[in-house]
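The block underneath contains the structure these notes are about, expressed in structure tokens.
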Amino acid sequence: MDVNDLLTEAYDRLPGLVRSAVDGLTPEQLRQAPAPGANPVGWLVWHLTRIQDHHVADLLGAEQLWVSGDWAGRFGLAADPDETGYGHTLDRIAAVRPESAEVLVDYHRAVAERTAAYLRGLRPADLDRVVDEAWDPPVTLGVRLVSVLEDDLQHVGQAAYVRGLVERG
């Protein structure tokens, strides 16, 4: 298995996990925190998708789908490219209002398709390219892709867990 196949296999698992975390939930359930200060399912899935969109767009040198499409309005937000969920207060978390489970799935699918196309074009040597010198050591493309995947997997697992809490009421 080459690196493209490995990364593609890993990233291709996310859309199904996203769908199973949100499928059938009402907008109210998507916004329901399981406890005071906890993140709701909708916010978790929105955030993991925003991170992937933000980081992959940066790697491509392209505009984020969040900004170029009509996604932001479907979440009750502005199309701010820096709005990814990092550092959100409880009020900012509550402001993320996905109109449906399907909008979460659709936005994630659009981002995942762009990510898959990007991954198919990579060569093994590309993974050693430094993409962020603000860290010590500097972050390579390979490290960035693994970091995004790890963050996404953690949050989709949290969303699945929160879904269970919300459904049990």
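At-a-glance table
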{"read-out": "Assigned charges on the beta-carbon of Lys, Arg, Asp, Glu; the chain dipole about Cα centre (debye)", "value": "480 debye"}
{"read-out": "Pairs of Cα atoms farther than 19 Å apart, the stretch 121-169, %", "value": "47 percent"}
{"read-out": "Residue among GLY37, VAL148, VAL3 farthest towards the positive dipole end of the chain, charges placed on Cβ", "value": "GLY37"}
{"read-out": "Descending semi-axes in whole angstrom, ellipsoid equivalent of the chain, from the Cα gyration tensor", "value": "28, 17, 15"}
{"read-out": "Mean Cβ neighbour count within 10 Å, used as a protection proxy, ranking 48-60, 87-99, 9-21 highest first", "value": "48-60, 9-21, 87-99"}
{"read-out": "Fully extended contour minus Cα-Cα distance, from GLU9 to THR89, at 0.36 nm per residue", "value": "25.4 nm"}
{"read-out": "Cleavage-rule hits (chymotrypsin sites (Phe, Trp or Tyr not before Pro)) in the stretch 35-118: DSSP loop, at most 15 neighbouring Cβ within 10 angstrom", "value": "TYR86"}
{"read-out": "Expected 222 nm ellipticity per residue - DSSP helices of 4 or more, -39500 (n - 2.57), all of the chain, to 500", "value": "-19000 deg cm²/dmol"}
{"read-out": "Residues with amide H under 5 Å from that of THR140, placed H, sequence gap 5 or more", "value": "VAL131"}
{"read-out": "Positive-end residue of LEU59, VAL103, GLY85, charge dipole of the chain with Cβ unit charges", "value": "VAL103"}
{"read-out": "Relative contact order [Cα under 8 Å, 6+ residues apart], the chain, whole percent", "value": "35 percent"}
{"read-out": "For the stretch 101-148, diffusion coefficient by Stokes-Einstein and Kirkwood Rh (Cα), 4 °C, 1.567 mPa s, µm²/s", "value": "106 µm²/s"}
{"read-out": "Prolate/oblate/rounded call for the stretch 1-61, Cα gyration tensor, a/c under 1.5 rounded", "value": "prolate"}
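Just so you know, all these numbers are worked out from the coordinates, no wet-lab data involved. All of these numbers come straight from a predicted model, not from anything done at the bench. Glycine also receives a Cβ, built like all others from the backbone with ideal geometry; neighbour counts cover every protein chain displayed.
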